[in-house]
Amino acid sequence: MGRRPDRKGQEVMSSQDIPEENLPAERAADEHAHGAVSVADEKHPFADPGLPPHEHRIQDIDERAAKRSERTVALLFTLSMLATVGFIASFVAIPADRIVYIFPLGHISGLNFALGMTLGLALFCIGAGAVHWARTLMSDEEIADERHAIAAEPEVKAQVLADFKQGAKESALGRRKLIRNTMFGALTLFPLSGIVLLRDLGPLPEDKLRHTRWSRGKLLVNVNTDEPLRPSDVAVGSLTFAKPEGLEEHDHDFQTEIAKAALLIVRLQPENIKDKRELEWSHEGIVAYSKICTHVGCPISLYEQQTHHVLCPCHQSTFDLADGARVIFGPAGHALPQLRIGVNDEGYLQALGDFDEPVGPAFWERG
Ligand code: FES
């Protein structure tokens, strides 16, 4: 009795090599159908060459081989379960800012690496287990189906249902309890990966969105030169962008903090400032406003020197810096928040506190 690998590398045996009493009962009866041929005639102009001889898998005739396959599938499902547990453990145990060196990827986030590897392994093992199960243990019957009309007759539907039930029976879910239990275990545990990720939706921001990095005494640092600003650095007609002293680009929360604390600084002639409070909160005509548009939060970057208007490029909201940065055009519903500034003993521009209202989109006004 000879065995040889098929095109996919699986061990197969030709039906001619197997004594008929070793074949599964339904297969032995089916053997005769595979050799069926028909000759061309007037009604069927093309001859039916029939199916090639069926090649049985080793698992169909050797129960020990079938048991080996069963254990392999169970092992893969079990590995998937362990990987899912590893995913959850990684999510809980590895700090978000842990950086590790992985060759050849270089320095990467240890948490992302662990989550990706464990989630990938969990999915792969479920897929590989299902494929191996289908290839080695599920029904290997070859069926030739005649073409028929698209709309199915009631008898056909009944037949499909019967075939489905037969397929479920032949998948041996009831008989192969080890596979069934480990598969249900893997499929039940796997969704937990998604559930633990919901933890990233918290914690609630509480009042963090209402405060920025600005506080009394923080120097205004030019974002382009990274140098603290003096009043003499801000020329009339120029637009300068600033960030709080101590906020560095390599800080892990830089993007979060700069999105709230970014400032635009303009020097006006004090006599041109119409708003009394704006004048009090300025220094020698230098005014500092939040750079974050109060419509939906774009960074404002266009300044009209003659009119003292700043323009948001997203939806053209326009703010008058000479009049408390009130909105004079566009969808923004709220003036830009002003930061109160002064100079310290060494002559550098400094904040005299945080913004006295939340920066950014004006949903604050609705509650
Ligand atoms: S975000 Fe500025 S106008 Fe819309």
- prompt: In the stretch 228-286, how many are in a loop (DSSP other than H, G, I, E, B) and either hydroxyl-bearing (S, T, Y) or under 24 Å from L209 (Cβ atoms) (or both)?
  reply: 13
- prompt: Among the residues of the stretch 301-317, is there at least one that is touching a residue at least 24 places away in the same chain (Cβ under 8 Å), in the same structural domain as P231 (by TED's automatic domain parsing), farther than 21 Å from T212 by Cα and among the charged types (D, E, K, R)?
  reply: no
- request: Could you please give the count of residues in the stretch 119-159 that are free of Cβ contacts under 8 Å to residues at least 60 places away in the same chain, within 42 Å of the chain's Cα centre (by Cα) and part of a helix (DSSP H, G or I)?
  value: 10
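Name the single residue that is surrounded by the most Cβ atoms within 10 Å (Cβ to Cβ) among those in the stretch 311-324 being assigned to a loop (DSSP other than H, G, I, E, B) and within 11 Å of the ligand (Cβ to nearest atom).
C312
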field: Any chance V327 is within 16 Å of the ligand (Cβ to nearest atom), in contact (Cβ under 8 Å) with a residue 12 or more places away in the chain and part of a strand (DSSP E or B)
entry: yes
message: Against the definition (in the same structural domain as F241 (by TED's automatic domain parsing) and within 26 Å of P205 (Cα to Cα)), how does R340 come out, yes or no?
response: yes
- request: Please name all residue pairs, on different chains or six or more residues apart, with Cβ atoms under 6 Å, provided the first residue is in the stretch 65-91 and is more than 14 Å from G127 (Cβ to Cβ) and the second residue is charged (D, E, K, R).
  value: E70/R176
statement: Within the stretch 330-344, residues being surrounded by fewer than 16 Cβ atoms within 10 Å (Cβ to Cβ) and within 16 Å of the ligand (Cβ to nearest atom) number 2
Conditions (1) under 24 Å from L111 (Cα atoms); (2) touching a helix residue (DSSP H, G or I) at 6+ places or on another chain (Cβ under 7 Å); (3) among the basic types (K, R): number failed by R213: (1)
- request: Could you tell me which numbered condition R176 fails, if it satisfies all but one of (1) modelled with pLDDT of 85 or more; (2) surrounded by 14 or more Cβ atoms within 10 Å (Cβ to Cβ)?
  value: (1)
message: Can you find, within the stretch 22-64, the residue that is modelled with the lowest pLDDT among those that are surrounded by 12 or more Cβ atoms within 10 Å (Cβ to Cβ), in contact with an Asp or Glu (Cβ under 8 Å, 6 or more places away or on another chain) and within 23 Å of R180 (Cβ to Cβ)?
response: P24
query: Pick from A96, A128, A134: which is surrounded by 15 or more Cβ atoms within 10 Å (Cβ to Cβ), of a type in the set (A, V, I, L, M) and either within 30 Å of P49 (Cβ to Cβ) or in contact with a helix residue (DSSP H, G or I) (Cβ under 6 Å, 6 or more places away or on another chain) (or both)?
result: A128
Residues satisfying the stated conditions in the stretch 286-310, i.e. aliphatic (A, V, I, L, M), buried (at least 18 other Cβ atoms within 10 Å of the Cβ) and either farther than 15 Å from K274 by Cα or near the ligand (Cβ under 9 Å from one of its atoms) (or both): A288, I292, I300, V310
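The values are calculated or read from the model by the stated rules, or taken from the named source; none is laboratory data. What you see is a predicted model; the values in this text were computed from it and never measured. When we count neighbours, we look across all protein chains shown, and the Cβ atoms used for this are built from the backbone with ideal geometry, even at glycine.
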